[in-house]
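Below is one structure, written out as structure tokens, with a few remarks after it.
The values are calculated or read from the model by the stated rules, or taken from the named source; none is laboratory data. What you see is a predicted model, and the numbers here were worked out from it, not measured in a lab. Here the Cβ positions follow ideal geometry from the backbone for every residue, glycine too, while neighbour counts run over all protein chains shown. Please note that ligands, DNA and RNA were not included when accessible areas were found on the heavy atoms of the full protein model with its side chains. Shrake-Rupley method; radii C 1.70, N 1.55, O 1.52, S 1.80 Å.
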Amino acid sequence: MQATAAAFLAHPLPRLRRIGGWGADAAAVRGGVIALPPRLRGSRCSISLSIGAGAGAGGDREFSYEHVPMFSRYRIRDPYKLLGVDRDASEEEIRSARNFLIQQYAGHEPSEEAIEGAYEKIIMKSYQQRKKTKINLKTKLKKRVEEYPSWVKALIGYFEVPSMDIISRRLFFFAFIAGWSIATSAENGPAFQLAISLFSCIYFLNEKMKNLLRASTTGFGVLVGGWIIGSLLVPLVPTFIIPPSWSLELLTSLVAYIFLFLGSTFLK
């Protein structure tokens, strides 16, 4: 037995392999997890996270109208049929149809372009028709004036049509004078208001004629003509229409204000 023990001690002990290195045919322990040799490993699993079926290298940058509502009539050439309105529809109805369709098919670019194009065509056509009608009306009036006798042409030559801004301002001024005369008719006559109206008419005429003497003569003639015509027309008005407090002088003055307004506004 002693010989056996001596033989065991004399035999050298086997060396342990270092942990962390790979043996030719052994497993290695790394971080407490058994790592198999490369030849024992399975194939690695790969998961594709690409979004959208068939998306390529730049697939996520492309836009598709697949889920956007498409306007079924966007290829129709007739703009009225495309918007679904009558040919005699008003601009408000056409605009309402356009806004409704734009809201319904927002996001589908071809549909939006077709709706906007149809709306612009209808509006442009309406504008051209109005312009053509206006030109035709001027042409007809001019042609009709040319058919008048010479004395009528000469009479028309003394008148002009100013802008609506001038007409409205003159109308407001003489209407104020008339209201002032009515409000103070119980106290005194409209002599002061008539004087203001005459001087105002002369001032307005002088702005156009650039001749104070001519403007004064014309303004005074308009006042006299208006007063004479008023004196002839007022007695013909039924008495039940006229308020009892309105005198003959006041009514004649109101007619004169109308003539002063027309003269200062439309005379050249």
Can you give me the accessible area per residue for the range 162-223, using a 1.4 Å probe, in Å²?
60
Per residue, the convex hull enclosing the alpha carbons of the range 173-268 has a volume in Å³ of 83
What length, rounded to one decimal in nm, is gained on full extension from GLN103 through to PHE240, with 0.36 nm per residue of separation minus their alpha-carbon distance?
43.3 nm
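Sorted by mean Cβ packing within 10 Å, highest first, what order do the peptides 223-230, 157-164 take?
Values: 223-230: 17.2, 157-164: 10.0.
The peptides rank, most packed first, as 223-230, 157-164.
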What percentage of all Cα-Cα pairs in the range 66-130 are separated by more than 16 Å?
39
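Sorted by accessible area (1.4 Å probe), largest first, how do ARG87, ARG130 line up? Write down the numbers at each step before the final one.
Details: ARG87 150, ARG130 125 Å².
From most accessible down to least: ARG87, ARG130.
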